[in-house]
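Just below is one structure, and these are the notes that go with it.
The values are calculated or read from the model by the stated rules, or taken from the named source; none is laboratory data. This is a predicted model, so every value here is computed, not measured. Note: ideal-geometry Cβ built from the backbone for every residue, glycine included; neighbour counts use all protein chains shown. Side chains are part of the model used for accessible areas, which takes the heavy atoms of the whole protein and leaves out ligands, DNA and RNA. Shrake-Rupley method; radii C 1.70, N 1.55, O 1.52, S 1.80 Å.
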Amino acid sequence: MKAAVYTRYGSPEVVRTTEVDKPEPSESEVLVKVEATTVNRTDCGYRAAKPLILRFFTGLRRPRPRRRVLGTEFAGEVEAVGSGVTSFKVGDRVFGYIEGPFGAHAEYLTTREDASVATMPANSTFEEAAASTEGSHYALANIRAARISSGQTVLVNGGTGAIGSAAVQLLKSLGAHVTVVCSTEHVALVERLGADRVIDYRAADFTTDDETYDVVFDAAGKSSFSRCERLLKKKGIYLSTELGPFPQNPILALITPLFGGKKVLFPIPKHDQEMVKYIKGLVESGAFKPVIDRRYPLDEIAEAYRYVETGQKIGNVVIDVAGRADQPR
Ligand SMILES: NC(=O)c1ccc[n+]([C@@H]2O[C@H](COP(=O)([O-])OP(=O)(O)OC[C@H]3O[C@@H](n4cnc5c(N)ncnc54)[C@H](OP(=O)(O)O)[C@@H]3O)[C@@H](O)[C@H]2O)c1
C-alpha cells in the first residue's frame, strides 16, 4: 500500500510517499481503508521532534520503525475485522484519532476496536469526519479541565485554527458567552461559528480589553498568563495550547492553583472512544462542523506540511487519500 513515511526528524522534505506492507488486524483490531486524513500541528510536532520531549514517544535518535507513518485523524471504511471484534463489521464507515500509534497517512491502518474510533456521523463526508477529532479533542480537554458551563464568559484567542474553531463551537454548544480574537479577514468566519463578540487583533490589543472573563483560552498559544491576568475574574482560569516560551505554562499550572485565585490549567489531553462519540453527537446535532481550508492528495503531503507550518491555516488541512474524501456518507 501507499504511505507517507519519514525515517528521520526534520522539515517537510523528510516525508516521502512510498510502498509499504499493508497492515494486518490482530484479534482485537479493525483494518480501515483510509479515505481521508489530515496534516495538523500535532503531526508537524512529531515530524520535526519539536518540542524535543516528543522523541520519548517516537524514538530518541530517529523515528522507530513502527512509528514512521504519521497521521492522527482518519475516516474510512472497515475492510476486515479481527476474530474477537464485536463492535464493528466490514463495510462500516468509521472515523477516529490515533495520536500515539499514528498511521493515518496511508491507504490502510489498523486500530483496536476499543480505541478512539466510532462509526462516522450520519451527516459527514469522509473529509469532515477526518477533520473532526484533533482540534476538537484539544479544545475539549481544555474546556473540560476548566469545567466551563452555561452562562460563563470565555475569551478565545485565535478562533480560526483547528483548536480555536472547534473551541468556539464546543463552547457555544455548552451555552457559554464567547468573545473571539482573530484577524480582520476572519471576523465573518468566527461570527458564523457562533462568536458573540469579536475582537480584531489588527485593530486592538485584546489584552487591554475592558471586559473580564471566567476563562481566557489562548487557542493560538500567542499570549501569556501575565499579559492576560488582568482579563480574568477573581477566580478566572487561563488556558493555552502552547507550553509558553520559557516554557512556563505547565509550571504555572502546578503553582497557581495552590493560591486559590486566578490560575493556569494545562491539561494533558485524553483521547478515548467516549471523546470520539461525544464529537460524533455534536456533529450529528449540527453543533459542530469542522472548518476545512485546503485539500491535498497523499502524494503532495510535503506541500500540505509546508502550508500547515505557515501557522495561517484556517481550521483543517485534509489529505484526500482515495480521491473521494468529499463524498457524503
Ligand atoms: N498542546 C499540544 O499538544 C498541541 C497540539 C496541537 C497544536 N498545538 C498548538 O496549538 C496551537 C494551535 O494549533 P492549531 O492547529 O489550532 O493552529 P493553526 O490551525 O495552525 O492556527 C492557525 C490560525 O491561527 C491564527 N493566528 C495566527 N496568529 C495569530 C495571533 N497572533 N493571534 C490570534 N490568532 C492567530 C490564524 O488566524 P488569523 O489570520 O485570524 O490570525 C490562523 O487561522 C499551535 O500553536 C500549535 O502548535 C498544541
inquiry  = Please go through region 174-206 and give me each residue that is open to solvent by 20 Å² or more (accessible area, probe 1.4 Å), within 10 Å of the ligand (Cβ to nearest atom) and not in a strand (DSSP E or B), ordered by number.
reply    = T184, E185, H186, V187, L189, Y201, R202
task = Go through region 1-79 and tell me which strands (runs of 3 or more DSSP E), entirely inside it, have 2 or more residues that are without any contact (Cβ under 8 Å) to a residue 24 or more places away in the chain.
result = 15-19
request  = Pick out the one residue from A145, A129 that is open to solvent by 10 Å² or more (accessible area, probe 1.4 Å), touching a residue at least 60 places away in the same chain (Cβ under 8 Å) and aliphatic (A, V, I, L, M).
outcome  = A145
ask   = When both residues are 6+ apart or on different chains and their Cβ atoms are under 7 Å apart, which pairs have a first residue that lies in region 158-170 and is at positive phi, and a second that is in a helix (DSSP H, G or I)?
value = G158/G164
key: Checklist (1) under 14 Å from the mean Cα position of the chain (by Cα); (2) surrounded by 23 or more Cβ atoms within 10 Å (Cβ to Cβ) applied to G45, failing item   = (2)
query = Since L174 meets every condition but one in (1) touching a residue at least 40 places away in the same chain (Cβ under 8 Å); (2) under 18 Å from G281 (Cα atoms), which condition does it not meet?
reply = (1)
key: Condition broken by D209, with the remaining ones in (1) more than 22 Å from G194 (Cβ to Cβ); (2) away from the ligand (no atom under 13 Å from the Cβ) satisfied   = (1)
Matching residues in region 149-170 - criterion: being part of a loop (DSSP other than H, G, I, E, B) and either within 13 Å of the ligand (Cβ to nearest atom) or crowded, with 24+ Cβ neighbours inside 10 Å (or both) = G158, G159, T160, G161
inquiry  = On the basis of being open to solvent by less than 80 Å² (accessible area, probe 1.4 Å), under 16 Å from A145 (Cα atoms) and more than 10 Å from the ligand (Cβ to nearest atom), does L231 make the cut?
reply    = no
key: Within region 216-228, considering residues that are among the charged types (D, E, K, R) and open to solvent by 20 Å² or more (accessible area, probe 1.4 Å), the one nearest to the ligand (Cβ to nearest atom)   = K222
note = Across (1) away from the ligand (no atom under 15 Å from the Cβ); (2) open to solvent by 30 Å² or more (accessible area, probe 1.4 Å); (3) of a type in the set (S, T, Y), T256 clears everything bar (2)
inquiry  = One residue is enough: does region 100-122 have a residue meeting the conditions more than 15 Å from the ligand (Cβ to nearest atom), surrounded by 20 or more Cβ atoms within 10 Å (Cβ to Cβ), modelled with pLDDT of 95 or more and of a type in the set (K, R)?
reply    = no
task = Could you pull out the residue among T18, T38 that is over 19 Å from Q273 (Cβ atoms), within 18 Å of the chain's Cα centre (by Cα) and among the β-branched types (V, I, T)?
result = T38
note = Exactly one of K262, K277, K270 is within 14 Å of the ligand (Cβ to nearest atom), among the charged types (D, E, K, R) and more than 30 Å from S11 (Cβ to Cβ), and that one is K270
